[in-house]
Amino acid sequence: MEEFVYIDGKKYRRGYTTGSCATAVSKAAVYMILTNEKIDTVNIDTPKGIYLSIPVVSSEIKKNEDTGEFYSICSVEKDGGDDIDATNGIEIFAKATWVYEDEIDKTSEKFSFEGDGFCVFSGDGVGIITKKGLSIEPGRPAINPVPQKMIAKEVESVLKASEESILKNNSNERKRIIKITIFIPKGEEVANKTFNPRLGIVGGISIIGTSGIVEPMSDEGWKKSLSIELNMKKELGMDKIILVPGNHGESFISDRIGENSSVVRTSNFLGYMLMEAKRMGFKKILLAGHIGKFIKLSAGIFNTHSKVADARNEILIANLALMGASTELVRKIDSCLTTEEATDIVYENGFGEVFDIICEKCKKRAEMHVDNEIEIEVFIFKMDKTVLGKSKNAEEMLESFRK
């Protein structure tokens, strides 16, 4: 990995995610139990295409006195580079043991997922999902889909290279597999400094990351990099653009009209990017984003980071009240931890039209922000990319990007 990046003339150190850490310790623990050898570093690939060599902080191969079998435990340290958050420096562990496949309790809230020859459980310090609306179902460990894929890829690579050891451990009629338990001794303590409690994730931190790499960026540096991409589109002769906050928006557009070169990310800086689009002379903008981001825009909040402003429930409640929603309903909405949870309640009570109203308000706010010099249409969607609402001419504008 290139350890440093330069942003706005400043030097920043990259880091790696909790997902990369969990992948590294899982791979190391499996290697150790198969070879009976300790290792000092573990190498993994990341979805970003960057190769990591992560130091192993501690490693042990122990014998279970009751069964006489060996098990391995090792740890790595989360390194967020210069993008320091609450999890920076936390130690993440994995334990690998041989178990009979038919004894695995997949109904346990600690069970995460399984692969070819292994299964993954969470231990102390890894959060458990308790609310709907996240990428993992309630009642499961907060080990997100991308880290799951990373762990599976690396662990299976070790298992394939150790077929002889695996055959030895499956010499009888009952198949045995390796159980990996990921645990974080300080996870619950650190989780209280994150948004996990507000999201209904209890008991620890989340194993997250979509690229495996933590890219350090100041807000100003980040905004400038986004602006550069927008300017590149203009230089190609484009006069209309699709703005999305991030990965989910890109995926939403891709599912609807295929890969499209007009898509540019805004991150949380919607207001900044709208003004940049105005400065550069764009004539039309399609906005597509998750309800959790765009409900803020509908109230004139143009930086959607939760640390800047978080009035999601209040905005939804105000709109529902204007539609005649009962006190009982708005109280239910007020108790929701995520907008995903709230959307289900809204539909159950027959107020789904509120999301089109919110889209029209997003459109109005955004157009006012650019002094009505750009035509803007809006889509909002759920985490599963289901359309929740759209402004009047959103479909027509979306279709124009196919051409």
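The values are calculated or read from the model by the stated rules, or taken from the named source; none is laboratory data. This is a predicted model, so every value here is computed, not measured. When we count neighbours, we look across all protein chains shown, and the Cβ atoms used for this are built from the backbone with ideal geometry, even at glycine. The protein model used for the area step is the full one, side chains on, heavy atoms only, and it has no ligands, DNA or RNA in it. Shrake-Rupley method; radii C 1.70, N 1.55, O 1.52, S 1.80 Å.
Computed from the C-beta positions of LYS283 and THR107 and an R0 of 51 Å, the FRET efficiency is 0.35 to the nearest 0.05. Summed over the residues of the range 248-314 and divided among them, the accessible surface reaches 38 Å² per residue at a probe radius of 1.4 Å. Using C-alpha pairs under 8 Å with a sequence gap of at least 6, the mean separation divided by the residue count of the chain gives a relative contact order of 15 percent.
Note on the chain: helix-only mean residue ellipticity at 222 nm, from DSSP H runs of 4+ residues weighted -39500 (n - 2.57) and normalised by residue number, equals -10500 deg cm²/dmol.
Counting every C-alpha pair in the range 2-155, the share spaced more than 23 angstrom apart comes to 41%.
With only the Cα atoms considered, the chain has a convex hull volume of 160 Å³ per residue.
Semi-axes, largest first, in whole Å: what does sqrt of 5 times each Cα gyration tensor eigenvalue give for the range 191-325?
Semi-axis lengths for the range 191-325 are 28, 21, 15 Å.
Probing with 1.4 Å while keeping every protein chain in the model, the per residue accessible area of the range 112-155 equals 38 Å².
Summarise the accessible area of the chain (1.4 Å probe, protein heavy atoms) by the percent that is carbon and sulfur. The partial results should precede the final answer.
Numbers: 9120 of 19290 Å².
Percent of accessible area from carbon and sulfur atoms in the chain: 47.
Per-residue extension of 0.36 nm, minus the Cα-Cα distance of GLU173 and THR35, leaves a gain of 47.4 nm for this segment. Projected onto their three principal axes, the Cα atoms of the range 242-300 cover extents of 28, 27, 15 Å, largest first. Which whole-angstrom value gives the distance between the alpha carbon centres of the range 285-324 and the range 65-103? Each part reduced to its Cα centre gives a spacing of 39 Å. Rounded to the nearest angstrom and listed largest first, the equivalent-ellipsoid semi-axes of the range 267-368 from its Cα gyration tensor are 27, 14, 10.
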